[in-house]
1. Mind checking which residues of the stretch 91-121 are farther than 28 Å from L69 by Cα, without any contact (Cβ under 8 Å) to a residue 60 or more places away in the chain and assigned to a helix (DSSP H, G or I)?
2. Within the stretch 166-185, can one find any residue that is in contact with a strand residue (DSSP E or B) (Cβ under 8 Å, 6 or more places away or on another chain) and within 16 Å of ligand 2 (Cβ to nearest atom)?
3. Considering only residues that are assigned to a loop (DSSP other than H, G, I, E, B) and either in contact (Cβ under 8 Å) with a residue 12 or more places away in the chain or touching a strand residue (DSSP E or B) at 6+ places or on another chain (Cβ under 9 Å) (or both), which ones fall in the stretch 297-318?
4. Checking V160 against (1) part of a helix (DSSP H, G or I); (2) surrounded by fewer than 11 Cβ atoms within 10 Å (Cβ to Cβ): exactly one of these is not met. Which one?
5. Y39: aromatic (F, W, Y) and buried (at least 17 other Cβ atoms within 10 Å of the Cβ), yes or no?
6. How about the stretch 248-270: which of its residues are charged (D, E, K, R) and within 9 Å of ligand 2 (Cβ to nearest atom)?
7. Does the stretch 219-243 hold any residues that are among the aliphatic types (A, V, I, L, M), part of a helix (DSSP H, G or I) and closer than 14 Å to F205 by Cβ, and which are they?
Amino acid sequence: MYNIAVLTGDGVSAEILQSAVKVLDKISSVYNLKLKYNYVPIGGRAYEETGLPLPDKTVDACLNSDAVLLGSVGDWKYDTLAPELRPEKALLGIRKKLNLFANLRPVKVFDELLHASPLKPETAQNVDIMIVRELTGDVYFGEPRGIETKKTLDGREIKVGFNNMIYDEDEIRRIAHVAFMSAKKRKKRVCCVDKANVLDVSRLFREITKDVSENYPDIELSYMYVDNCAMQLIQNPKQFDVILTGNIFGDILSDEASTIAGSLGMLPSASMSDGKTPFMYEPIHGSAPDIAGKNVVNPIATILSVAMMFEYSFDKKLASDNIIRAVKETLKEGYRTKDIYHKGDELCSTSRITDIITDKIV
Ligand code: IPM
Ligand code: MG
């Protein structure tokens, strides 16, 4: 039996999780697996219920699970809350509490969606990138941080905001290992993306990554500045296999890379620890409050996140492949949610495309 903590947040969260659980139920019956879901709130929903975006009961449910499935958090209506009460704080909090330092964001282009990509079909076709984003360090967590006042030379008092981009050697080492291990199962290339022409922290990132690479003689290591990488992802994305990068660069590059695949609604992710705490799975897209409750959101990113759960947490590659095949067939037959719709396709609601995908899991 597997215990899955289901973290319900804001916006489209409830709808995409409903889709994911339908798929989980189907997998459970096809493979005769017992799955138990423990629903707990996070983000704005948790704030409404308990006054805190990440209540202890949510953290406990995660720690006591075999895997965590997260919808999405955030809503404009919480924009005026104090920083520590904002929904995003819960997401950062749970990543830290579960020690989820490695975020795997695969960018794979389905042939069926080439038309949805803003890139030329021949540029986007066969793109298959694994972004390995460090997730518990960098400016996201670095101290000191804050907004303070300071006196200018001419005596005025002005505000100053600051965050600290900081990585220690151990943090770099462990994420580099994840990238090289991932490349071992792929095309055996790692590109370390940083800003080493300007930032000291990036120079250390390179130095330690180079050092770790000595353990992986069969993996080719290259380096690229992040600004150049942003351009190369559009110009020639096929050159990349594994991209290894820090928290903030990974955040930005993964959103950019998602457009290659046609829609932010297509990309799943897995966040992993050293194995002592459960892993977490979530779509890379946000809570999209503007389309929430309308039964139009694309559930595929979350469904593919479930596929990653079976691969990485439960070691059930067959179940994982089964889900991916079902998604592929559904797309091949022309069923589309609005974000990936093209003239001639069959436009589907969230629940309809979920049912079609679920039926194809056999
Ligand atoms: C992501 C999101 C989060 C991040 C936000 C919601 C805090 O953009 O998972 O990519 O910046 O990590
Ligand atoms: Mg992001």
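Read-outs: derived from the displayed coordinates by stated rules, not from any lab. None of the values given here were measured: they were computed from a predicted structure. In this analysis, Cβ positions are derived from the backbone assuming ideal geometry, glycine residues included, and neighbour counts consider all displayed protein chains.
1. Within the stretch 91-121, P121 is the sole residue that qualifies.
2. Within the stretch 166-185, not a single residue is in contact with a strand residue (DSSP E or B) (Cβ under 8 Å, 6 or more places away or on another chain) and within 16 Å of ligand 2 (Cβ to nearest atom).
3. Answer for the stretch 297-318, where residues must be assigned to a loop (DSSP other than H, G, I, E, B) and either in contact (Cβ under 8 Å) with a residue 12 or more places away in the chain or touching a strand residue (DSSP E or B) at 6+ places or on another chain (Cβ under 9 Å) (or both): V297, N298, P299, S313, F314, K316.
4. (1)
5. no
6. D251, D255
7. V226
Yes/no matrix, rows are residues, columns are (1) hydroxyl-bearing (S, T, Y); (2) away from ligand 1 (no atom under 16 Å from the Cβ); (3) crowded, with 21+ Cβ neighbours inside 10 Å; (4) in a helix (DSSP H, G or I):
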{"site": "G250", "(1), (2), (3), (4)": "no, no, yes, yes"}
{"site": "G262", "(1), (2), (3), (4)": "no, yes, yes, no"}
{"site": "N295", "(1), (2), (3), (4)": "no, yes, no, no"}
{"site": "S320", "(1), (2), (3), (4)": "yes, yes, no, yes"}
